[in-house]
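Comments concern the structure below.
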Amino acid sequence: MPRGRDFDGITRTIERTGRTKAAAERNLKRDLAERIKAQSGPSTGPETKFRDVAELWFQTIEQQVNAGARSPTTLDQYRSNLNLHVLPALGELRVGREVTVPAVEGFLQTLRTTRSASVAKTARSIVSGVMGYAVRQGLVQQNPTRETTRLHARQKRKPRALTLQERIKWLEQMEADEKAVRWDLPDLSCFMLATGVRIGEALAVYWPEVDLDTGLVAVDHNVVRVKGTGLIRKSTKTEYGERTLPLPSWAVEMLRRRFAEAGEPIDGPVFPSEVGGLRDASNTRRVLRQTRGSEGFEWVTSHVFRKTAATILDEAGLAARLIADQLGHSRPSMTQDVYMGRRAINRATADALEDAFTTDPSTDGPA
């Protein structure tokens with residue numbers, strides 16, 4: 001009777017039955033073949049092409065997304081980069097002898113030069129993931145990506161925030177533009193400035209998450225577009241991103257007005273699309289670029305309101321930890337994370353943002 005050595009290293013007797021002796025022998029041979037295939041990995045060995053291993057690796061990413069361990073947007077980003085950049089350059093190479101450190105290094109540096117550091121970084125993550133998978137399957141001994149040069153983006157420009165006069169002028173410009181009003185940009189700008197949230201987080205806020213009596217809003221989700229599915233609300237990336245924020249009074253009044261104008265049912269997005277569903281962040285950013293004008297505000301993006309909120313809080317003398325909590329950041333430092341209380345609601349942030357649109361501190365809210 002045949003014996004086989006299993007994954008745990010123990011040799012066992014292998015038996016299979018059948019309606020006839022010949023059928024039993026066929027079942028036994030089939031089982032032995034499947035065992036050999038399983039123990040040798042999903043491919044033939046070091047001669048396997050990078051393209052084939054990449055598809056097997058990508059299946060593991062899909063499984064992680066289905067399990068909720070990864071974002072659907074990560075899946076789309078990886079698939080796009082894999083098809084556009086990685087496979088055309090490395091797809092036909094044999095993982096065991098042709099996907100070398102020089103080959104991967106040359107590919108990444110060329111991609112960084114011809115495209116961008118961010119595109120090259122994503123490609124590096126993909127190649128590293130594929131070759132790490134190959135190591136785990138016993139196809140290669142080492143992951144060559146680990147020895148390639150780290151990719152550093154060009155020095156970023158110094159963050160720029162809207163000044164008080166710019167904030168007032170911006171709101172006046174948005175309110176005077178029919179398209180901006182139709183896309184809720186005046187109110188959306190105010191909300192992002194009042195909270196410091198990202199545009200996707202702002203568009204994901206539903207009315208049940210807003211407490212107008214206490215002036216609080218729960219920020220727990222982000223709007224993303226999933227290929228083949230459409231727009232969905234997904235939870236924020238980390239526990240730090242889930243936060244409850246106090247609102248300055250002018251933001252509460254803006255939300256009260258929107259609530260009164262919303263009509264029934266009052267359980268959908270605070271900033272809905274024209275048909276009442278989720279609004280696409282990319283499309284909203286596009287309209288913002290179209291309506292911001294070319295003089296004075298050509299540098300303004302949706303993220304500028306987040307930077308402006310952080311700048312106002314910093315100028316008000318608030319602690320870095322409190323500002324990080326407002327923005328949903330995990331740091332600024334290990335000591336503060338470990339030894340200081342987190343996630344507490346502090347009215348100081350709303351108080352500091354109270355005069356974001358006023359030149360006269362005695363006047364409440366946008367002019």
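Annotations for the structure displayed:
- The stretch 90-194: trypsin sites (Lys or Arg not before Pro) in DSSP coil with no more than 15 other Cβ atoms inside 10 Å: R97, R115, R150, R154, K156, R157, R160
- Around the Cα centre of the stretch 273-312, unit charges on the Cβ atoms of Lys, Arg, Asp and Glu (plus for the first two, minus for the last two) sum to a dipole of about 140 debye.
- Its Cα centre serving as origin, the stretch 102-180 has a Cβ charge dipole (Lys and Arg +1, Asp and Glu -1) of approximately 400 debye.
- Per-pair calculated FRET efficiency, R0 = 22 Å: A218 and D314 via Cβ, rounded to 0.05: 0.35
- Of D76, D213, the sequence from fewest to most neighbouring Cβ atoms within 10 angstrom is D213, D76.
- Extension reserve of the V181-N283 stretch, reckoned as 0.36 nm per residue once the Cα distance is removed: 35.3 nm
- For the listed residue pairs K121/K179; K121/K227; K121/K307; K49/K121; K169/K227; K49/K234, the alpha carbons are over 30 angstrom apart in K121/K179; K169/K227; K49/K234.
- When the Cα positions of A120, Q77, L139 are compared along the charge dipole of the stretch 50-147, A120 comes out farthest toward the positive end, with charges on each C-beta of Lys, Arg, Asp and Glu.
- Distance between the 7 Å Cα→Cβ label points at S249 and L164: 1.8 nm.
- Modelled spin labels at S235 and D211, positioned 7 Å past Cα toward Cβ, are 2.1 nm from each other.
- Under 13 Å, Cβ to Cβ, from L193 - net charge with Lys/Arg +1 and Asp/Glu -1: 0
- With K and R counted +1 and D and E -1, the other residues having a Cβ less than 11 Å from that of E98 yield a net charge of +1.
- Column: log10 I(q)/I(0), Debye, Cα scatterers of the stretch 50-147, q = 0.18 Å⁻¹: -0.79
- T236, T244, T17 arranged by Cβ crowding within 10 Å, fewest neighbours leading: T17, T244, T236
- E15 paired with R51, simple spin-label distance in nm, labels 7 Å along Cα-to-beta-carbon: 4.7 nm
- Between Q77 and S116, the contour length at 0.36 nm per residue exceeds the alpha carbon distance by 12.6 nm.
- Checking every one of the GluC sites (Glu not before Pro) in the stretch 68-105 against DSSP loop status and a limit of 14 other Cβ atoms within 10 Å picks out E92, E98.
- Restriction of the GluC sites (Glu not before Pro) in the stretch 241-297 to DSSP coil positions whose beta-carbon has at most 10 other beta-carbons within 10 angstrom yields E274, E295.
Quick note: the coordinates plus some simple rules give every number you see, no bench work behind them. Since this is a predicted model, take the numbers as computed values, not measurements. Note that each Cβ is placed from the backbone with ideal geometry, even for glycine, and that neighbours are counted across all protein chains shown.
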